[in-house]
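Working notes, structure below.
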Amino acid sequence: MNPSENRSEVQRLRNSVKELSILNEIATAVSGVWELEEVVDLIVRKCVKYLHVEQGAVMLLEEENADKPFQTMVRRMDDSQSKVPYHFGVQLSGWMLKNKEPLLVNDFQNDERFQLSGEMDFPIHSLLSAPLLVKGKMIGLLNVFNKRLKGDFTEDDQRILSIIAAQSAQVLEHARLYKQEKQLRKLEEDLRVARDIQEKLLPKEDPHREGYDIAGYSLPAKEVGGDYYDFIEIDDSRLALCLGDISGKGIPASLLMANLQATLRGQAVSCASCAECLKKSNRFLYHSTNIQKFATLFYAILDTKNDQLCYSRAGHPPPIFLKADTSMKKLNAGGMVLGFQEEANYNQEAIDLEKGDLFVIYSDGVTEAGDPAEESFDEWRLEETIKKNREKSSREMIEAIIEAIQSFTGQKFQRDDMTLLIVKKEK
Amino acid sequence: MRIKEKQKGDVTLLTLKGDMIHDKVDLHPYVKNMIEEGKKKIVVDMGHIKWFSSTGLGALMASYTSLKNAEGDMKIARPSRKIYSLIYQMELREVFDTYDSVDEAVEAFQE
C-alpha cells in the first residue's frame, strides 16, 4: 500500500468510526424516550449537528386522512425562527412518496422538480431528504436543509442520513403509536365522564302516584348519546314527565343534557302550561348552544287529581297512546325542535285519562334500532309489542319492548341510546 | 358522504352522495366555505343519500342557519321518505323548502 492509499484508508476508517459513533449516540439517546415530540426533537438536533446544516425536519405522514396524505403531522426545526414554507413541504413529501428514495439537491434554485412561488423566509440552497420506512411503508421523511458555509452535500452525507432514517423509522413509529394510544385512553376517559354525567341525571327510582303505574328506563349506547328522561314534582297532584334526545354524542351532548334538565326543572314549577314551558326552554337552549346542536323533547304534566294529561312535544317522535278500548292514537301536538330558532311556538293538548289507558313515550333509538343498512325496528313493531303486552305492568312492558328490540337486532351493536317512559292508569 | 358542486346560473347545486349518519357528515363546513366565496343560493340534492339520521338533519339545520345569517337561502331537492318524515316529525316543514326535483328547487330561487 503506498502512502497516499494508506492515508485514504485511514481517512475511510476514521469516517466509519465517526459514523458509527454518531449512530450509536442517536440510538442511545432515543432509547427510553417515548414522547413523539421528544424523539423527533432529538433526531433532528443530532442531524443538524453532525451533518453541519442550518435546519432539519421530520415530517410524518398522516395515514388516516386519505384525501391529504401529504399533510405533515410534526415538523421540528432547529432554533432558527424562519421555517420552511408549508407548500414546499407538501411538494417534497409528494415527490418522496412517489419515489421512496433518498434525495440530494445541491442547486435548489435551479431544480425543476420543485417550484416555489414568491419570496421564501428561509432560502433553501441545498437539501437532503431520506424516507422513513417501516416494513416497506413510508411513514414520513427526515430532511436537512442548507449545508453550512454554502457547502454541498456529499454522497457520504446522504448515506449517513439514510442510515439515521432507517434507524429512526421504527423508533418514530413506536412513539407515534404510543401517542395514539394515549389519545385513545383520553377519549375513553372522556366517554366515561360523559356516561357518568348521563347516569347521574337519570331518576334513581320511579315515582309513586296512587292509581298510576309509572316507569322509566334508559339504555345508553356504547358511544354515549344524549337521551334523558326526568320526573319533576310540581305539587302533590301534578307530576311533570320529560323525555328528550340531545343531538350529538359524548361530553358535549351530556353537558347540554344537564343544561336542558336544569332549564326544565327551573321552568316546570313557574310555567302555567306545557306550551309556555317549551317556548321558554327553547329560548334558553337557543342561547346556550351552537347552531349544530338541538334537542327533541316530549314534555307532559300528569294531573293525578283530575286524571288528565296535558302535553306538548318539541320535534320529538309522537308518543303512542293506547286507550282501554284498544284504540290507538299518536300524541302529535307541539312544535319545532328546541334550540334551532330563537322564537318558536308550541301547541298543547289535554287528554282525559280512563282506567286502563296507557301511553308510551320513547326516543328514536327505539324505533331506529337495527343495522342502518338494513331494516329498523320501526314504529309498527313497537305498536305491536305494546298491544301484545298491554296487560303487563309498566316496568314489565319496558322489559318486553327491550327484549323485542334485542331479538330483532340480534347481537348487533346498539347505535343509539334507547329510552322509554310508560304511564298507565291502573284499572 | 361526498359532495359534488355545480353552478346553475347564480344558484349552486350541491349533490350529496352516501350516508348522512353519525360523524360522516361534513356539509356544514363545506357550506360555510361557500358562503365565504360569496355563494349563498344553494340547492341541496338529497336524491343520492342512502342512510340518514338526526345527525344529518343537524347538518342541514346548521347549514340553513349559516346561510340565513349571511342573507342567503337553501332549498332541499329530492328528500327521501325517511328524510321527509324526520323534517315532518321535527316540525321543520316551515323552515325547509323541499322539492321533488332539482329543477324545481333551482327555479324556486327565481321567483
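The values are calculated or read from the model by the stated rules, or taken from the named source; none is laboratory data. Just so you know, these numbers come straight off a predicted model, no measurement behind them. Backbone-built Cβ (ideal geometry, glycine too); neighbour counts: all protein chains shown.
Every condition in (1) in contact (Cβ under 8 Å) with a residue 12 or more places away in the chain; (2) within 10 Å of chain B (Cβ to nearest Cβ) is met by A:SER376 except one, and the failing one is (1).
In region A:241-274, the residue that is nearest to A:GLY216 (Cα to Cα) out of those that are away from chain B (no Cβ under 14 Å) and among the hydroxyl-bearing types (Ser, Thr, Tyr) is A:SER254.
Can you name every residue in region A:196-240 that is within 14 Å of another protein chain (Cβ to nearest Cβ) and touching a Leu at 6+ places or on another chain (Cβ under 7 Å)?
A:VAL224, A:GLY226 - these are the residues of region A:196-240 that are within 14 Å of another protein chain (Cβ to nearest Cβ) and touching a Leu at 6+ places or on another chain (Cβ under 7 Å).
In region B:36-60, of all residues being assigned to a strand (DSSP E or B) and at pLDDT below 85, the one that is surrounded by the fewest Cβ atoms within 10 Å (Cβ to Cβ) corresponds to B:LYS50. Please tell me if B:ILE87 is within 14 Å of chain A (Cβ to nearest Cβ), farther than 23 Å from A:ASP245 by Cα and more than 11 Å from the chain's Cα centre (by Cα). No: the conditions fail for B:ILE87.
Which one is farthest from A:LEU42 (Cα to Cα), of the residues in region A:1-27 that are among the β-branched types (Val, Ile, Thr) and out of contact with any helix residue (DSSP H, G or I) (no Cβ under 6 Å at 6 or more places or on another chain)? Talk me through it step by step, then tell me what you get.
From region A:1-27, those among the β-branched types (Val, Ile, Thr) are A:10, A:17, A:22, A:26; that's our starting set.
If we keep only those that are out of contact with any helix residue (DSSP H, G or I) (no Cβ under 6 Å at 6 or more places or on another chain) too, we end up with A:10, A:17.
Values: A:VAL10: 30, A:VAL17: 21 Å.
By that ranking, first place goes to A:VAL10.
Would you mention how many residues in region B:90-111 are among the acidic types (Asp, Glu) and within 14 Å of chain A (Cβ to nearest Cβ)? Write out each step before concluding.
Step one: of region B:90-111, the residues among the acidic types (Asp, Glu) are B:91, B:94, B:97, B:100, B:103-104, B:107, B:111.
Those left that are additionally within 14 Å of chain A (Cβ to nearest Cβ): B:91, B:94.
Number satisfying all stated conditions: 2.
With respect to the conditions (1) modelled with pLDDT under 90; (2) among the aromatic types (Phe, Trp, Tyr); (3) assigned to a strand (DSSP E or B), A:TYR217 lacks only one, and its number is (1).
Scanning region A:228-246 for residues that are surrounded by fewer than 21 Cβ atoms within 10 Å (Cβ to Cβ) and of a type in the set (Ser, Thr, Tyr) yields a single hit, A:SER237.
Residue count for region B:4-35 satisfying the condition of being under 24 Å from A:LYS249 (Cα atoms), within 14 Å of chain A (Cβ to nearest Cβ) and modelled with pLDDT of 85 or more: 6.
Go through B:LYS50, B:LYS75, B:LYS68, B:LYS82 for me and flag whichever is farther than 16 Å from A:LYS293 by Cβ and more than 11 Å from chain A (Cβ to nearest Cβ). Break it down stepwise before answering.
Values: B:LYS50 fails: more than 11 Å from chain A (Cβ to nearest Cβ); B:LYS68 fails: more than 11 Å from chain A (Cβ to nearest Cβ); B:LYS82 fails: more than 11 Å from chain A (Cβ to nearest Cβ).
That would be B:LYS75, the only listed residue that is farther than 16 Å from A:LYS293 by Cβ and more than 11 Å from chain A (Cβ to nearest Cβ).
Residue-level check: of (1) surrounded by 16 or more Cβ atoms within 10 Å (Cβ to Cβ); (2) at pLDDT 85 or above; (3) charged (D, E, K, R); (4) more than 15 Å from A:LEU302 (Cβ to Cβ), A:ARG265 misses just (1).
Could you identify the single residue in A:LYS100, A:LYS150 that is exposed (fewer than 13 other Cβ atoms within 10 Å of the Cβ), in contact with a strand residue (DSSP E or B) (Cβ under 6 Å, 6 or more places away or on another chain) and either at pLDDT 75 or above or closer than 17 Å to A:GLU54 by Cα (or both)? Residue meeting the stated conditions: A:LYS100.
If you take the residues of region B:85-111 that are part of a helix (DSSP H, G or I) and buried (at least 17 other Cβ atoms within 10 Å of the Cβ), which of them is modelled with the lowest pLDDT?
Kept after step one, since they are part of a helix (DSSP H, G or I), are these residues of region B:85-111: B:85-89, B:102-108.
Now drop any that are not buried (at least 17 other Cβ atoms within 10 Å of the Cβ), which leaves B:86-87, B:89, B:102, B:105-106.
Working: B:LEU86: 88, B:ILE87: 91, B:GLN89: 91, B:VAL102: 93, B:ALA105: 93, B:VAL106: 92.
The selected residue is B:LEU86.
Out of the residues in region A:289-313 that are outside any strand (DSSP E or B) and within 12 Å of another protein chain (Cβ to nearest Cβ), state the one that is nearest to B:TYR88 (Cα to Cα).
Within region A:289-313, the first condition is being outside any strand (DSSP E or B), and the residues that meet it are A:289-294, A:304-307.
Keeping just the survivors that are within 12 Å of another protein chain (Cβ to nearest Cβ) gives A:289-294.
On the way: A:THR289: 23, A:ASN290: 23, A:ILE291: 20, A:GLN292: 19, A:LYS293: 18, A:PHE294: 16 Å.
Of everything passing the filter in region A:289-313, A:PHE294 is nearest to B:TYR88 (Cα to Cα).
Each residue in region A:314-361 was checked for being assigned to a strand (DSSP E or B), of a type outside the set (D, E, K, R) and either at the interface with chain B (Cβ under 9 Å from one of its Cβ atoms) or out of contact with any Ser or Thr (no Cβ under 7 Å at 6 or more places or on another chain) (or both), and 14 pass.
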